[in-house]
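Visitor: A single structure is presented below for examination.
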Amino acid sequence: MNVLRYSRNPWVWLAAGLLAILVRGLLLDVMDVDASQYASISMEMMQNGSWLQVKHRYGDYLDKPPLLFWSSALSFMLFGLSNWAYKLPSVLAALAGVYAVYRFSLLFYTEKTARQAAFLLASSTGFILICNDVRTDTLLLGTTCVAIWQLAEYLQHGRWKNLIGAFLTIGFAMLAKGPIGLVLPALAAGSHLLLQRDFRSIFRWQWLAGLGITALVLLPMCWGLYNQFDLHPEKPLNDRISTSGLYFFFWEQSFGRITGNNIWRNDAGPFYFFHVYLWAFLPWALLLPAALWFHGRKALGKIFYFRKTLMPEAFSLGGFLLTFIALSASKYKLPHYIFVTLPWAAVLLAAWLNAEGDKKKAEDAPSMVPAGWVMLGYLVFLIALATAFLLLGFVFPGNLPAWVVMIAGTAFLLLRIVQNPLKIDSDVFVQRGIMVALLTGFTVNYHFYPRLLPYQSTATIGRYLHEQGIPKDKIVFFRRHGHALDFYSQTISQRMDSAEQVRQTARNLGEVWVYTNQRGKNELNTAGVRYETVYEMGHFQAALLNARFLNPATRVGSLEPVWLLKVEGL
């Protein structure tokens, strides 16, 4: 009976569909530049056993904290070198974040709202993308969700296990991405306490004990940074010497991007993340401003009319809004930086869709979505589906099974909408949006990426080198490199700086296999280096999509010619 009851529950089928999309993402190739670099660093860590002093291509590495490298290197040790072994720990952390959003929402809202918040997060474009193109932000999203949930549990019930859990995961969040792992939970909890006027809790001595727990979690990393950098001020790094690893981690890498101390800057405008959210929070993005207005008015009412305004929690509003503002102040921005706010956008939107004042509202009470917002949602759904069909029929045409799934799924969705178009409960509206996310996510992970990623020559040629059993010490690159070449060849390939060095290395080793581009090939020709062409293809960097590549008529012109050449040591 229980199995039959669950089989009739639409949420079970929607969850299974989302899980299938994430599993497919696990199997896809890692992409240059960031994900493949982190995968190659994790591989190198597993091979060299240097867990506390991170190395990259045999040199000192000081950019990202080590949790991603530790977890993926351990996964490699357990399961071997593969795409899914690299991504698995991070994706599990992200799924823990979805669960944490559900449990957090249960503290303040009904189960209906909590369930919707979890599904809104899991079905968002940014979440599906970051579980495929795994970077440090995947771990950050999951750990900060758990940390804020545990902080909320502690403030509700005063249990030490929740305090310990909160600051343990804050430590893991800082090991994932740096001080933002502490700043986000602090902004969320601080906003809640201030708006609830719970000033007494702000000054609890237990926070100091919690920070001590976080310090213990950070201790191995700090010890490694101190020994690797602070004890060796003579080491050159990023075109300078006297680099403090501890200063870099606790200040420069995060806060330095706001103050200008960090060397990284792309001077993206202050509204950069507004544009990102238009696609990162699809198919829900256009509804978010209404939810923010709804909760913002409540917050203002809490400030000026404390006794007249009911606001169950302010964690989500502070966690989203203040973090969004802080990240927008950075002088270096990339789209995935803002994904850490997606969970709290999901909570805000779910609470608005159900317009709940407190947990006393009946679980089965309908929460009708205004017809105007339903129509706006349908417009976004239509755009998302049109994009999916464009990928399927124009960008990479010719996948009959995918067409069958898309047409059948779209027809089913349209039939449900026609039967009851506008007067619908929030559950029905969210379910329809998730179906759109399933169809677009299916197209992206089962059709688009499997046809895009073979154009990434560093992975294709790297895998070829490994499968052909080419000796690892005879793999070199000249004038062109990508971290995926190292990861898929399962070795840190040698860098050649001149045609003469290529010639001499071939003489010393008997032969070498050279990965190069047109410039490198021309230099070899000019120097009279004789070679055999082993592999030739057009390269495209998968993470940097552009219109020329997406258009089949101009795609060939967007590709960079690359070669794998065999140079004999004559």
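The values are calculated or read from the model by the stated rules, or taken from the named source; none is laboratory data. All values derive from a computational prediction rather than experimental measurement. Reconstructed Cβ throughout: ideal geometry from the backbone, glycine too, with neighbour counts over all protein chains shown.
Visitor: For region 169-189, state whether one or more residues are crowded, with 22+ Cβ neighbours inside 10 Å, out of contact with any strand residue (DSSP E or B) (no Cβ under 6 Å at 6 or more places or on another chain), among the aromatic types (Phe, Trp, Tyr) and under 30 Å from residue 450 (Cβ atoms).
Guide: Scanning region 169-189 turns up no residue that is crowded, with 22+ Cβ neighbours inside 10 Å, out of contact with any strand residue (DSSP E or B) (no Cβ under 6 Å at 6 or more places or on another chain), among the aromatic types (Phe, Trp, Tyr) and under 30 Å from residue 450 (Cβ atoms).
Visitor: Now, a different point. If you check every pair at least six apart or on different chains, which have Cβ atoms under 9 Å apart with a residue in region 453-466 that is outside any helix (DSSP H, G or I) first and a residue that is among the aromatic types (Phe, Trp, Tyr) second?
Guide: Filtered contacts from region 453-466: 456/540.
Visitor: Here is a follow-up. Output the number of residues of region 9-43 satisfying the condition of being of a type in the set (A, V, I, L, M) and closer than 30 Å to residue 53 by Cα. Walk me through it before giving the result.
Guide: Here is the first cut: in region 9-43, the residues of a type in the set (A, V, I, L, M) are 12, 14-16, 18-23, 26-28, 30-31, 33, 35, 39, 41, 43.
Retained after the next criterion (residues that are closer than 30 Å to residue 53 by Cα): 26-28, 30-31, 33, 35, 39, 41, 43.
Qualifying residue count, region 9-43: 10.
Visitor: Let me ask another. Starting from region 370-397, take each residue that is closer than 17 Å to residue 429 by Cβ and list its partners that are assigned to a helix (DSSP H, G or I) and among the aromatic types (Phe, Trp, Tyr), counting only C-beta distances under 9 angstrom and pairs at least six apart or across chains.
Guide: If the second residue must be assigned to a helix (DSSP H, G or I) and among the aromatic types (Phe, Trp, Tyr), the pairs left are 373/429; 374/429; 377/429.
Visitor: Being outside any helix (DSSP H, G or I) and closer than 28 Å to residue 301 by Cβ is the filter here; which residues of region 317-340 pass it?
Guide: Within region 317-340, 329 is the sole residue that qualifies.
Visitor: Select the helices (runs of 4 or more DSSP H) contained entirely in region 245-314, then report the ones holding at least 1 residues which are modelled with pLDDT of 85 or more and farther than 25 Å from residue 130 by Cα.
Guide: The helices (runs of 4 or more DSSP H) meeting that bar are 288-304.
Yes/no per residue for (1) touching a helix residue (DSSP H, G or I) at 6+ places or on another chain (Cβ under 7 Å); (2) of a type outside the set (Val, Ile, Thr); (3) without any contact (Cβ under 8 Å) to a residue 24 or more places away in the chain:
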position	(1), (2), (3)
519	no, yes, no
525	no, yes, yes
528	no, yes, yes
539	yes, yes, no
544	no, yes, yes
558	yes, yes, yes
563	yes, yes, no
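Visitor: Same structure again: Would region 106-125 turn up any residue that is crowded, with 22+ Cβ neighbours inside 10 Å and either without any contact (Cβ under 8 Å) to a residue 12 or more places away in the chain or charged (D, E, K, R) (or both)?
Guide: Within region 106-125 (the criterion being crowded, with 22+ Cβ neighbours inside 10 Å and either without any contact (Cβ under 8 Å) to a residue 12 or more places away in the chain or charged (D, E, K, R) (or both)), the answer is yes, since at least one residue qualifies.
Visitor: May I pose another question? For region 194-218, give me each residue that is of a type in the set (D, E, K, R) and over 13 Å from residue 154 (Cβ atoms).
Guide: Matches in region 194-218: 197, 200.
Visitor: Residue check: is residue 437 over 30 Å from residue 350 (Cβ atoms) and outside any strand (DSSP E or B)?
Guide: The answer is no for residue 437.
Visitor: Can you tell me which residue among 95, 68 is within 30 Å of residue 113 (Cα to Cα) and assigned by TED's automatic domain parsing to the domain that holds residue 139? Spell out the reasoning first.
Guide: On the way: 68 fails: within 30 Å of residue 113 (Cα to Cα).
Going through 95, 68 in turn, just one is within 30 Å of residue 113 (Cα to Cα) and assigned by TED's automatic domain parsing to the domain that holds residue 139: 95.
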